[in-house]
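Here the structure comes first, spelled out in structure tokens, and everything after it is commentary.
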Amino acid sequence: MSLQPKNAVNGKSAKPPHANRLSSAQASLPSPNLQSSTSQEDHLSPVELAEIWARRAYTLAQEPAAVAIGQTIVLLVFRLNGERYGIDVTNVREIYPLVQLTPVPRTPSFVAGVFSARGHILSVIDLRTFLGLPTSTPTNGPRQVEVDQTKIIVVTNTDSTSETAQMEIGILADEVTDICTVFIEEIEPPLTTQAGIRANHIRGVTADLLVVLDLNALLSDKQLIIKDEL
């Protein structure tokens, strides 16, 4: 799967506000050429001239459209229980379709099993259980998922040091839906309803309610480090 953002930001500075206003105002005139414009105005009625200059005055009075400028982050978007979550693409190694997971006895409930990736055995984590998310498990049996859409996202920490080993695991996602770019300053603190859902692993939420996870914080959780040998 390509990890190219759908809406990339070019990072160029916006034009000064007065430049935008003058460009818009000039576009409202009959002609950019002064001589030809004067010639055209000679054939216009006073009412038409008044309309042209009123349009120009209105254009000059408008505030220029705000251009968002700032540091951005590219997110891989996936779904869990119908909710949208995003993780930094720099944490993402690969995406696999759901395969037959091998259960591991005497492991925490959030460990869904293990599978082989590139000849390595990786643990697969169910984020619903690990993050304490509400589950939609019916009373008459286990939760059913669309196997053809369920994915295993292989992730790794990007802040490993000589004292902190690099960790690589798989996380289950109901569906991988998108790649998007957001401005970091537009990521707000978690909602009050999310405060109890391991808030230290949530970076924040965007205006369109995309929950941004902090993968480096999640992968440094002692519960995962203890089970790193699985």
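Filter segment 98-122 for residues that are crowded, with 16+ Cβ neighbours inside 10 Å and either more than 26 Å from residue 202 (Cα to Cα) or modelled with pLDDT under 85 (or both) and give the result.
101, 104, 115, 117 - these are the residues of segment 98-122 that are crowded, with 16+ Cβ neighbours inside 10 Å and either more than 26 Å from residue 202 (Cα to Cα) or modelled with pLDDT under 85 (or both).
So which of 60, 49, 80, 75 is closer than 16 Å to residue 172 by Cα and of a type in the set (A, V, I, L, M, F, W, C)?
Working: 60 fails: closer than 16 Å to residue 172 by Cα; 49 fails: closer than 16 Å to residue 172 by Cα; 75 fails: closer than 16 Å to residue 172 by Cα.
Only one candidate qualifies: 80.
Looking at residue 125 and the list (1) modelled with pLDDT under 85; (2) surrounded by 15 or more Cβ atoms within 10 Å (Cβ to Cβ); (3) not polar (S, T, N, Q), which single condition is not satisfied?
(1)
Just checking, which of 174, 159, 178 is at pLDDT below 90 and charged (D, E, K, R)? Before you say what the answer is, go through the steps one by one.
Working: 174 fails: at pLDDT below 90; 178 fails: at pLDDT below 90.
After ruling out the rest, the residue left standing is 159.
Residues are listed down the side, and each one gets a yes or a no for (1) among the basic types (Lys, Arg); (2) modelled with pLDDT of 95 or more; (3) out of contact with any strand residue (DSSP E or B) (no Cβ under 7 Å at 6 or more places or on another chain); (4) not assigned by TED's automatic domain parsing to the domain that holds residue 177:
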| site | (1), (2), (3), (4) |
| --- | --- |
| 39 | no, no, yes, yes |
| 44 | no, no, yes, yes |
| 78 | no, yes, no, no |
| 81 | no, no, yes, no |
| 88 | no, yes, no, no |
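The values are calculated or read from the model by the stated rules, or taken from the named source; none is laboratory data. Model, not experiment: these values are computed from the prediction. In this analysis, Cβ positions are derived from the backbone assuming ideal geometry, glycine residues included, and neighbour counts consider all displayed protein chains.
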